[in-house]
1. Can you tell me how region 1-144 classifies by the Cα gyration tensor, rounded, prolate or oblate, using a/c under 1.5 as the rounded cut?
2. With every protein chain left in place, what is the accessible area of Lys7 in Å² (1.4 Å probe, nearest 10)?
3. Would you mind telling me which residue in Arg89, Arg29, Arg109 has the biggest mean-square fluctuation in a Gaussian network model of the chain, where springs connect alpha carbons within a distance under 10 angstrom?
4. As a test of reading the structure, rank Phe175, Phe104 by solvent-accessible area (1.4 Å probe, protein chains only), most first.
5. Just the accessible area per residue of the chain, please: how many Å² with a 1.4 Å probe?
6. What are the lysines whose alpha-carbon lies under 25 Å from the alpha-carbon of Lys240, with same-chain residues fewer than 8 places away excluded?
7. List the aspartates and glutamates whose alpha-carbon lies under 14 Å from that of Lys327, not counting same-chain residues fewer than 8 positions away?
8. As a check on your grasp of the helix formula, calculate [θ] at 222 nm for the chain: sum -39500 (n - 2.57) over DSSP H runs of n ≥ 4, divide by the residue count, round to the nearest 500.
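The values are calculated or read from the model by the stated rules, or taken from the named source; none is laboratory data. Remember, it's a predicted structure, so these values are computed and weren't measured experimentally. Positions of Cβ are backbone-derived with ideal geometry, glycine not excepted, and every protein chain shown enters the neighbour counts. What goes into the accessible areas is simple: the full protein's heavy atoms, side chains included, and nothing from ligands, DNA or RNA. Shrake-Rupley method; radii C 1.70, N 1.55, O 1.52, S 1.80 Å.
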Amino acid sequence: MSEPEKKLIFSGIQPSGTFTLGNYIGAIRNWSTYQDDYNCIYCVVDMHAITVRQEPAKLRKNTLEAYALLLASGIDPEKSLLFIQSHVRTHAELSWILNCTTQFGELSRMTQFKDKSARYSGDVNAGLFTYPVLMAADILAYNADFVPVGADQKQHLELARNVAQRFNQRYSETFTIPEPLITKVGARVMSLQDPTKKMSKSDDNPNACILVLDDRDTIIRKFKRAVTDSDAEVCYREGKDGINNLMTIYSSVTGKSYDDITSEFSGKGYGDFKIAVGEAVADSLKPLQDEFSRLIGDKAYLKECYTKGAEAAERYSQRILKKVQRKVGFVEKG
Ligand code: TYM
């Protein structure tokens with residue numbers, strides 16, 4: 001992984017269920033494409049996942065599946081570091097120190113905290129509140145230069161930058177200030193049932209969300225049911241949220257421009273367009289699904305990969321943590 005002249009990329013994903021098409025288009029599809037030009041570090045963030053109630057057996061299964069899905073998406077463990085967050089103690093250790101340089105007020109302004117504390121009002125735990133600090137620790141533990149994320153994580157990244165800058169001012173230059181890398185098309189894939197809301201695995205309506213392991217028929221059926229509007233023109237225009245979302249999805253899986261899509265479906269109805277989007281999405285997910293089926297059966301290989309990944313990540317990040325501990329005034333362990 002570590003070629004010193006290359007910039008470093010870090011990103012993570014929660015194992016709180018199968019990935020959605022939003023996760024795929026907005027984030028993980030791009031991750032493998034960075035591997036030749038950057039040093040890449042990717043992580044399944046199980047510690048973030050427990051900020052909302054998880055069933056332990058399910059979390060374990062989802063974490064392994066998430067790990068296998070990342071491998072299946074093309075992340076090569078020989079080129080990149082790929083590991084499970086709770087296997088690397090640096091994240092929790094650095095997170096505590098960064099908690100002490102993060103303000104209560106700035107965490108209170110996080111829109112994801114506001115949304116989640118309303119949604120899970122029976123369990124507004126401290127971890128949910130300090131979630132963005134752990135995310136900052138993930139990134140800063142490796143001094144990442146770039147963080148590829150969907151648009152919904154931009155505010156968290158801004159917080160990570162602020163925390164890093166504050167630490168540097170208080171204790172002298174320590175952390176690299178990370179930059180977000182947000183894809184142009186597909187940074188915000190919307191719900192198929194309410195296209196004003198982001199597509200999310202926690203949506204109560206299963207038709208709102210495509211899961212990357214959905215089979216072809218399910219994918220096409222969900223697209224056929226997607227909410228659109230009452231005119232019949234396939235074009236990208238303000239106010240046509242449903243169609244705009246389908247065009248974004250279609251464009252990102254086929255590479256076609258919005259103008260090309262409009263010409264392709266001129267004179268045809270929304271029905272044809274929805275089926276075409278469903279088919280294109282199913283085609284694009286097929287290789288990922290096939291590779292996933294192969295990998296998930298090979299538990300020994302998965303274990304070997306995540307163990308090696310964690311060992312390398314821990315070595316790398318503990319060096320940075322040691323420096324941070326020294327700067328804040330902790331006595332060095334003998
Ligand atoms: P998570 O697990 O919610 O999502 C993983 C990635 O998928 C992107 N994403 C989307 N992109 C487009 N459209 C959507 N509908 C959509 N839904 C999700 C997210 O922006 C994200 O890039 N807090 C993070 C995980 C995390 C992390 C990190 C990310 C923990 N530590 C350090 C980067 C760096 C999260 O919950 O992502």
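1. Note, shape of region 1-144 comes out oblate.
2. Its heavy atoms expose roughly 110 Å² to the probe.
3. Arg109
4. Result of the area sort, largest leading: Phe104, Phe175.
5. That works out to 47 Å² for each residue.
6. Lys154, Lys184, Lys197, Lys198, Lys201, Lys222, Lys224, Lys256, Lys268, Lys274
7. Straight-line reach from Lys327, under 14 Å: Glu173.
8. Roughly -16000 deg cm²/dmol at 222 nm, from the helical runs in the chain.
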